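Report on the structure given below.
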Amino acid sequence: MQSQDRLRIAILAAYAIGLHGLERMIPAPLPWMRFGFANIITLTALILYGLRVAMTITLIRVLIVSLLTGSFLGPGFVLSLGGGVASTLIMSGAYSLFSALFSPVGISLIGSMAHNLTQLTLAYLLFVRRMEAILFITPIILLLGIITGMINGMASGLLLKKLGEEGASPRTETAMDREP
């Protein structure tokens, strides 16, 4: 890995951590619900630089945030890591296979659903005695995931467009050419 790649990853990871910190200052609609603003950076990195950079950013963000919040190796860490890894992998696959069909909003929606379904599955496995609570909150989580996935996808699309105007070149032009 070249020093330029390391610098790029460090800067993008810092942005993702910063967005996560900013998000924590906003009152959450539900105690466990987050908007996932850091995923704007993950999706943008995925489109511009590929899976390796996006996954590295996801892993750094989850690790650093869990250390800063005191949740390292706890249930919140497991849920965050599982959701982040699953959504990054699924978004990469969707982008690789369907970039001509989906804008960043579509890829973000796919990632949001993967993230939420993974977290719900992990919550079921971690908290078996709470099955009825998990079933009760599933529609709420999926609905909010659609909303936040759309917002984050639009933000990523705008960021990609702005970066395109400034000379950054994504792996393919198809996602940047379409409106978010």
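The values are calculated or read from the model by the stated rules, or taken from the named source; none is laboratory data. What you are looking at is a predicted structure, and each value in this text was computed from that prediction instead of being measured. Every residue, glycine among them, receives a Cβ derived from its backbone with ideal geometry; neighbour counts consider all protein chains shown.
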**Request:** Hey, can you tell me all the residues within the stretch 10-61 that are surrounded by fewer than 19 Cβ atoms within 10 Å (Cβ to Cβ) and basic (Lys, Arg)?
**Result:** ARG24, ARG34, ARG52
**Pairs, first on the phi < 0 side of the Ramachandran plot and surrounded by 13 or more Cβ atoms within 10 Å (Cβ to Cβ) in the stretch 118-132, second among the polar types (S, T, N, Q) and part of a loop (DSSP other than H, G, I, E, B), C-beta under 6 Å, six or more apart** = none
**Message:** Condition first: surrounded by fewer than 18 Cβ atoms within 10 Å (Cβ to Cβ) and touching a residue at least 40 places away in the same chain (Cβ under 8 Å). Can you find one or more residues in the stretch 79-94 that meet it?
**Reply:** no
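The rows are residues; the columns are (1) under 22 Å from ALA16 (Cβ atoms); (2) hydrophobic (A, V, I, L, M, F, W, C); (3) at pLDDT below 95; (4) touching a Pro at 6+ places or on another chain (Cβ under 6 Å).
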position	(1), (2), (3), (4)
MET91	yes, yes, no, no
PHE98	no, yes, yes, no
LEU122	yes, yes, yes, no
GLU132	no, no, yes, no
PHE136	no, yes, yes, no
ILE141	yes, yes, yes, no
MET150	yes, yes, no, no
SER169	yes, no, yes, no
**Lone qualifier among LEU159, LEU68 - being closer than 20 Å to TYR15 by Cα, surrounded by 19 or more Cβ atoms within 10 Å (Cβ to Cβ) and at pLDDT below 95** = LEU159
**Fill in**
Taking the stretch 18-52 and keeping only residues that are aliphatic (A, V, I, L, M) and within 12 Å of the chain's Cα centre (by Cα), one is left with LEU19, ALA38, ILE40, ILE41, LEU43, ALA45, LEU46
**Prompt:** Inside the stretch 138-156, can you point out the residues that are without any contact (Cβ under 8 Å) to a residue 40 or more places away in the chain and either surrounded by fewer than 12 Cβ atoms within 10 Å (Cβ to Cβ) or of a type in the set (A, V, I, L, M) (or both)?
**Reply:** PRO139, LEU142, LEU143, ILE146, ILE147
